[in-house]
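Enquirer: Quick one: the structure is below, questions incoming.
The values are calculated or read from the model by the stated rules, or taken from the named source; none is laboratory data. It should be emphasised that the depicted structure is a prediction, and the values quoted were computed from it without experimental measurement. As a convention, Cβ positions derive from the backbone with ideal geometry for all residues, glycine included, and neighbour counts pool all protein chains shown.
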Amino acid sequence: MTLVAAAAQLAARGAREREDAVLRLLSRASAAVGAYAVVQRLGWDPVLSLNELPTGARAVSTLGSPVDLGAYLALLVPAAIWRADRERGAEAWIAAALVAAGLAASGSRGAMAAAAIGTAAYALISRWDARRALRSSAALAVLLAAGAVAWACRAGASVSDQGRREVWKTSVNLFLARPWLGWGPDGFAEAFKLHRTDAFVTIAGANHYQAYAHNDLLHVLSSLGLPGTAAYFWLLAALLGAAAAALGAAKDRRLPAALCAGLLALWVNLQLNPVATEVWIAAALCAGLLVSLARADENAAFPRAVLVVPALLLSAGLLYAADSLRNDLVYKRGLRAHVAGRFAEARVTIARARRSRTCELSYLMGEFNAITDWINADRNVEARLALLALADADAREALACHPRLAMSHYIAAGSARIHYDLGFKERLADAAREYDAALALDPKFGPLLDARAGVTRLQSQSSSR
């Protein structure tokens, strides 16, 4: 979010004559992303070298997901059309065609519907009475989003739409359970575990991890409650105000029309799908450009000192991202060493990554999962005791850092179970207690249910002796 905030601030406060250049750059980037999606869909992956697309026939390009690819290109379809409309050159039209082809290769229905709205909105806003066209486009976007939601809720919906409908039901229940403050930023996934319906488990499976509401309004309602939702609507109102001001001040409405249309397309898509950080950064740049165009005085320049805060935010975000990437590469190198059977190297490398990111639950879980293999490979008693102590240390750290996460209790229960299997019979009660604590937070998670059932059988066998 630091990168998103910095992108919006820098775009809004930049030099007025640079808006065209920034949007052209975004348009060219989207064409490159679209071209990569096309060749990927045709079976050639020159960069990521994917032997098989992770979602079958749907391209992912550099975004990692067909849904995120679709969202990114739908946001920038109006920019591609604006560039072709303005420059009238072959290169601009080819770029627009590549964006459209990449969007088709993503196979994202929500993104394609959003792109259609963006295209229509650009045509309306750039050609007709600006403010009336903006209001009509916004109303059309709302109607399309409502229609898409109704379509997903229809009888005989596809499996994916049925799952989305169950997510929406659970999101409403989450809001009703905590209407004032919600479940907190990034709290949706853990809250969803407590409230997910049996129908959702049937559709998606007991092991499915659901991190988003697949609807931005429901996500904000369930995560931030009514005050956060009020802030969200204030943001939308402020952007609409900036859009109206930018269109009113523009001599050539095509540039602000492209920005308005792209953001409307994103909003429609957000009623059905989440989007990745890359999409948010591109959207923040578009929003910042729109605010810049809305400034009353074209010649007014922001003092350079005003740019210090967003520049610092951007620098801090990039530095943290680079350090996180470096550390993640170290951790993955440790996992590869573990898979290859080089356990000593894996233990040292994973521990190095863990030290750099204390409380990172994925690293804790990765190390804990590897400990069983390390114990089985080393028959030395002292080495095994050291590994058991490491398992308990991982459990303590997980519980101290994330006491309200089911996975922390899962690690603690697993550590107790390993101790039991190696002769420390008194630890079975600890395993039962921690599994119960995990199930209280995630009552329908398949592996947890299976693990608790295994402990129950052991307890039954022990009591019958």
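Enquirer: Sort out which residues of segment 99-110 are under 12 Å from A59 (Cβ atoms) and in a helix (DSSP H, G or I), and write them in order of number.
Expert: So the first thing to find is which residues in segment 99-110 are under 12 Å from A59 (Cβ atoms), and the list is 101-108.
Hits for segment 99-110 are A101, G102, L103, A104, A105, S106.
Enquirer: Residues in segment 372-390: is at least one under 30 Å from F192 (Cα atoms), surrounded by 14 or more Cβ atoms within 10 Å (Cβ to Cβ) and at pLDDT 90 or above?
Expert: no
Enquirer: Another question, if that's okay. Looking at segment 342-356, which of its residues are within 24 Å of the chain's Cα centre (by Cα) and surrounded by fewer than 17 Cβ atoms within 10 Å (Cβ to Cβ)? I'd like the intermediate steps shown before the answer.
Expert: Within segment 342-356, the first condition is being within 24 Å of the chain's Cα centre (by Cα), and the residues that meet it are 353-354, 356.
Of everything in segment 342-356, just one residue is within 24 Å of the chain's Cα centre (by Cα) and surrounded by fewer than 17 Cβ atoms within 10 Å (Cβ to Cβ), namely S356.
Enquirer: A further question on this structure: Return a yes/no flag: does segment 28-41 have any residue that is modelled with pLDDT under 80 and of a type in the set (G, A, S). First the steps, then the outcome.
Expert: Let us first name the residues in segment 28-41 that are modelled with pLDDT under 80, namely none.
Within segment 28-41 (the criterion being modelled with pLDDT under 80 and of a type in the set (G, A, S)), the answer is no, since none of the residues qualifies.
Enquirer: If you check S49, S108, S61, which single one turns out to be modelled with pLDDT under 85 and surrounded by 18 or more Cβ atoms within 10 Å (Cβ to Cβ)?
Expert: Details: S49 fails: surrounded by 18 or more Cβ atoms within 10 Å (Cβ to Cβ); S108 fails: modelled with pLDDT under 85.
Criteria check complete, one pass: S61.
Enquirer: Looking at V201 and the list (1) buried (at least 17 other Cβ atoms within 10 Å of the Cβ); (2) outside the structural domain of L23 (by TED's automatic domain parsing), which single condition is not satisfied?
Expert: (1)
Enquirer: Identify the single condition in (1) aliphatic (A, V, I, L, M); (2) buried (at least 24 other Cβ atoms within 10 Å of the Cβ); (3) at pLDDT 85 or above that A116 does not satisfy, given that it satisfies every other one.
Expert: Of (1) aliphatic (A, V, I, L, M); (2) buried (at least 24 other Cβ atoms within 10 Å of the Cβ); (3) at pLDDT 85 or above, only one is false for A116: (2).
Enquirer: Mind checking whether some residue in segment 75-87 is without any contact (Cβ under 8 Å) to a residue 24 or more places away in the chain, of a type in the set (K, R) and surrounded by fewer than 19 Cβ atoms within 10 Å (Cβ to Cβ)?
Expert: no
This table checks each residue for (1) of a type in the set (S, T, N, Q); (2) in a helix (DSSP H, G or I); (3) buried (at least 20 other Cβ atoms within 10 Å of the Cβ).
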position	(1), (2), (3)
D392	no, yes, no
A395	no, yes, yes
R404	no, no, no
Y410	no, yes, yes
A416	no, yes, yes
A431	no, yes, yes
D450	no, yes, no
T456	yes, yes, no
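Enquirer: Is there a residue in segment 253-270 that is more than 25 Å from S106 (Cα to Cα), within 24 Å of the chain's Cα centre (by Cα), assigned to a helix (DSSP H, G or I) and among the charged types (D, E, K, R)?
Expert: So far as segment 253-270 goes, no, none of its residues is more than 25 Å from S106 (Cα to Cα), within 24 Å of the chain's Cα centre (by Cα), assigned to a helix (DSSP H, G or I) and among the charged types (D, E, K, R).
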